[in-house]
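Take a look at the structure below.
Just so it is clear, none of the values below were taken in a lab; they were calculated from the coordinates. As the structure is a computational prediction, the values presented were derived from the model and not from experiment. Reconstructed Cβ throughout: ideal geometry from the backbone, glycine too, with neighbour counts over all protein chains shown.
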Amino acid sequence: MERNEYLEKIKSRMPEKRFIHTIGVMETAIQLAEKYGADAKKAEIAAILHDVAKYADEEWMKTIVKEHGLDLRLLDWGPEILHGPVGAWIAENEFQIHDEEILNAIRFHTTGRANMSKLEKIIYIADMIEPNRKFDGVEKLRKKAQEDLDEAMRASIRHTLAFLVESKQPIFPDSIECYNDYYKE
Ligand code: GDP
Ligand code: FE
Ligand code: FE
Ligand code: FE
């Protein structure tokens, strides 16, 4: 499928604002892929589909988890944690994406994980720094992303975990394992 076919298909599944975010992630991810020698076409597809499940019904997502053998820990979490793994399931089963690298980039785009691939890092960071994102420190992360992908990932996961702790939210184990991967001795 062509870029515009994917975009057309996801547009009806999300509000305009999320669609604009998705375009921002796509453009940022392609730029990072070209800069760091990853597959730009894979980055494009993963970025377009990364939030495809963002507005899916929570109970439906939990049914998918149970019936299709996804990580059962997901059943104790809400849509913010479910939409990555379920998005990967939609990409595979509805969009016929069978490339594990693309699917993992979608699957782990919210939490990260230990031992991330280059494409996973690119999607995680692009999601965080795309031009429509506004939060304290985003300019620093944008600058780091142009200097060193791992330093950008290290700063990004630290920022996410600090935000979660500060706002008293529970932390999914993959997020912690991602953090430890970057901060262990
Ligand atoms: P978005 O879908 O483009 O808004 O961005 P993400 O998929 O990266 O993140 C969605 C939400 O999940 C954000 O508010 C993150 O702060 C939050 N999030 C990321 N990791 C965790 C986690 O481990 N636990 C919880 N509770 N939320 C998380
Ligand atoms: Fe997301
Ligand atoms: Fe993110
Ligand atoms: Fe996103």
| note | Counting only DSSP loop positions in the stretch 1-105, the GluC sites (Glu not before Pro) whose Cβ has at most 14 other Cβ atoms within 10 Å are E2, E94
| In this model, which of K9/K42; K54/K143; K42/K118 are farther than 23 Å apart at the alpha-carbon? | K54/K143
| note | To the nearest 20 debye, the stretch 14-118 has a Cα-centred charge dipole, built from +1 on Lys and Arg Cβ and -1 on Asp and Glu Cβ, of 280
| field | Spherically averaged projected area in nm², based on the convex hull that wraps the Cα atoms of the chain | value | 10.3
| Student exercise, the stretch 3-182 dipole from Lys, Arg, Asp, Glu Cβ charges, in Debye to nearest 20 | 460
| field | the chain, relative contact order in percent, only Cα pairs under 8 angstrom and at least six apart counted | value | 21
| request: Would you mind ranking V165, V65, V52 so that the residue whose beta carbon has the fewest other beta carbons within 10 Å leads the list? | output: V165, V65, V52
| note | Once the dipole of the chain is set up from charges on Cβ (+1 Lys and Arg, -1 Asp and Glu), the residue from the list S117, A43, M26 lying farthest towards its positive end is M26
| field | Per-residue ³J(HN,Hα) for the stretch 99-106, Karplus 6.51 cos²θ - 1.76 cosθ + 1.60, θ = phi - 60°, Hz, x for Gly and Pro | value | 7, 4, 5, 5, 4, 5, 5, 6
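For a footprinting-style exposure proxy, rank W77, W89, W60 by other Cβ within 10 Å, fewest first.
Working: W77 18, W89 21, W60 12.
Going from least to most buried by this count: W60, W77, W89.
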| message | Between the stretch 27-53 and the stretch 89-161, what is the separation of their alpha carbon centroids in Å? | response | 9
